[in-house]
1. What nm value, rounded to one decimal, do you get for the distance between A:Ile110 and B:Val12 when each label is placed 7 Å out toward the C-beta?
2. Which whole-angstrom value gives the distance between the alpha carbon centres of region B:92-112 and region A:12-42?
3. Principal axis extents for chain B, Cα atoms only, whole Å, descending order, please.
4. Using the beta-carbon distance between A:Lys59 and B:Ser58 and R0 = 41 Å, what value does 1/(1 + (r/R0)^6) give for FRET efficiency, to the nearest 0.05?
5. With a 1.4 Å probe on protein heavy atoms only, work out how much accessible surface A and B bury together, total over both chains, in Å² to the nearest 100.
6. Picking from B:Ala67, B:Met46, B:Asn7, whose Cα lies most toward the positive end of the charge dipole for chain B (charges on Cβ: Lys, Arg +1; Asp, Glu -1)?
7. Once Rh for the protein assembly as shown is found with the Kirkwood sum over Cα pairs, what is the Stokes-Einstein diffusion coefficient at 25 °C and 0.890 mPa s, in µm²/s?
8. Past 24 Å, Cα to Cα: identify those pairs from A:Lys63/B:Lys51; A:Lys69/A:Lys98; A:Lys42/B:Lys71; A:Lys106/B:Lys51; A:Lys68/B:Lys27; A:Lys79/B:Lys44, in the order given.
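The values are calculated or read from the model by the stated rules, or taken from the named source; none is laboratory data. Note that the structure is predicted; figures quoted are calculated from it, not measured. Counting neighbours? That spans all protein chains shown, and the Cβs are built from the backbone with ideal geometry, glycine included. Heavy atoms of the whole protein, side chains included, go into the accessibility calculation; ligands, DNA and RNA do not. Shrake-Rupley method; radii C 1.70, N 1.55, O 1.52, S 1.80 Å.
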Amino acid sequence: EDQVTQSPEALRLQEGESSSLNCSYTVSGLRGLFWYRQDPGKGPEFLFTLYSAGEEKEKERLKATLTKKESFLHITAPKPEDSATYLCAVQATGGYQKVTFGIGTKLQVIP
Amino acid sequence: NAGVMQNPRHLVRRRGQEARLRCSPMKGHSHVYWYRQLPEEGLKFMVYLQKENIIDESGMPKERFSAEFPKEGPSILRIQQVVRGDSAAYFCASSGQLSEQFFGPGTRLTVL
């Protein structure tokens, strides 16, 4: 069974203090690894898809990277508006496979 | 280009009543997924549908829960005889063929 473990569960940063969120996964064969952002009371917002080890994607202050066992979401010089829960999810190869989500990392950026 | 739409956004039901949650997928998407999320917990997969077909309902409770995605109209998640444990946020997502899922704003169900 596919598994996704995210760490830390919660992270508190000062504005401008860069850090990384971790997503460790177990999947028979990876079709894609997804990162989402979720604000309180809202639905998850799609950020990135990574398909193979070594791949990187960037969006503003966020950069996602992928290895064969884990993914990192690097946040550079975060701002208070980056405060949210960040969700990682994986989907296996082989026709239809459901997406498995981690519990998320709750990020708080303090001014 | 409208995103995934869900209604109602908030739904209050008394124990034993029925809850109907609606989801209109993003334009051009023919795959719909339903998830349940409890406070401080992750998204739990419930069911995956294409037009007029249930593809995977492995995450849906066997009793009281059903889902459909008719040829015309929105997808509907139906919960019969609701109990307090059904209180949660229910999210719908849609996708194209083998592509990323995009989520709606969710329906927050409260069972009194």
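1. So the two model labels end up 3.7 nm from each other.
2. After rounding, the separation between the Cα centres reads 19 Å.
3. 38, 24, 24
4. 0.80
5. That pair hides around 1600 Å² of surface in total.
6. B:Asn7
7. It diffuses with D of about 135 µm²/s by this estimate.
8. Violating the 24 Å limit, Cα to Cα: A:Lys63/B:Lys51; A:Lys42/B:Lys71; A:Lys106/B:Lys51; A:Lys68/B:Lys27; A:Lys79/B:Lys44.
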